[in-house]
Amino acid sequence: MAENYVWIDGIPFPSVCFPPENIRETHEMFMVSDGDIFMVTYPKSGTNWLIEIVCLIQSKGDPTFIKSVPFTERSPWLEISESIKTLRNKKGPRLITSHLPVHLFPKSFFSSKAKVIYLIRNPRDVLVSGYHFWCATTYIKKPESLEEYYENFLQGKVPYGSWFEHIRGWMSQREKENFLMLSYEELKKNTRTSIKEICEFLGETLKAEELELVLKNCSFQVMKAHRKDKDSFLSNNETHFVMMRKGITGDWRFHFTVAQAEEFDKIFQKKMADFPKELFPWE
Ligand code: A3P
């Protein structure tokens, strides 16, 4: 397994796309601007859904932009080498995506007024979604079974490390006014309210008909249809399929054994005991 990853400050990154010097340079040198808007997630938490929503809010629900420009250009991935150049030439307000844990995030962010939307998701569903994604892609050695992936996930031996540490780290920012934490589950259950919350955080207003357009164009079905031929790095059908796989909450129930579910509950409760339960709407 070790050969799949480069380890940076205890975090495994897929070695095919993350030169260690890049991550360090981003951390030390990347200049965050006050107008920047970051969408930060642990992988498989609904990142692309959030990007779509924010882009649609900015275009007042008009899907022309999201249909014609791939998401990697609309909101470049901070830690991927090619993004730095794209970001340097991008006019503000820049939308930027990242999965980085807080301790590897650009230092300049912490003295800026840039905004972060941090989207979390039930780690059980993150695990299942991640398992299907890594099985269908070639970034890391394919997991042999869900059982193996489950064990690796609990030990943080999966891309971007431990879910628990990622969440714990970013939670340290949650009282700040330039930080908005949302959950996939709330977004799913009450998309309208969550979109309004994002608008308020970003200082955007939508007319009623614009909000309807955002809602329509960020739905799972419409996104799945839009995405089909747009994303250059996801050109084969199989990979496209796993990016927009099921889009539901609670899929883990169809994959975990009773023993795994019980063990996961115990681990979750132990590791997240010092946070109020309300922060995790799936619990
Ligand atoms: P599943 O694999 O459980 O279906 P990310 O963008 O962080 O890689 O997350 C991918 C997950 O978000 C996938 O979950 C995908 O189906 C889900 N997703 C993407 N767009 C969505 C949407 N519009 N509504 C609900 N879920 C969505």
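So the values come out like this:
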item	result
Percentage relative contact order, the chain, counting C-alpha pairs under 8 Å, at least six apart	25
Carbon plus sulfur fraction of accessible area for the chain, probe 1.4 Å, in percent	52
Residues of the chain: accessible area per residue with a 1.4 Å probe, Å²	47
Test item: Cα-centred dipole of region 172-217, Lys/Arg +1 and Asp/Glu -1 on Cβ, debye	160
Given charges at Cβ of Lys, Arg, Asp, Glu: region 5-279 dipole, positive-most of Thr26, Val222, Pro43	Val222
Cα centroid separation, region 252-282 to region 61-123 (Å)	29
Across Lys44/Lys271; Lys207/Lys277; Lys196/Lys270, pairs whose alpha-carbon gap is larger than 32 Å	Lys207/Lys277; Lys196/Lys270
From the C-alpha gyration tensor of the chain, square roots of 5λ in Å	27, 22, 20
Region 1-133: relative contact order as a whole-number percent, Cα under 8 Å and 6+ apart	39
Helix-only CD estimate at 222 nm, as mean residue ellipticity for the chain, using -39500 (n - 2.57) per DSSP H run (n ≥ 4)	-13000 deg cm²/dmol
Rh (Kirkwood; distinct C-alpha pairs) - region 101-204, Å	15.6
Nearest-20 debye value, region 5-279 charge dipole, Cβ charges on Lys, Arg, Asp, Glu	460
Among Asn89, Ile53, Ile66 - extreme Cα towards positive end, dipole of region 46-91, charges at beta-carbon	Asn89
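The values are calculated or read from the model by the stated rules, or taken from the named source; none is laboratory data. What you see is a predicted model, and the numbers here were worked out from it, not measured in a lab. Methodologically, a virtual Cβ is constructed for each residue, glycine included, from the backbone with ideal geometry; neighbour enumeration extends over all protein chains shown. Ligands, DNA and RNA are excluded from the accessible area calculation, which covers all protein heavy atoms including side chains. Shrake-Rupley method; radii C 1.70, N 1.55, O 1.52, S 1.80 Å.
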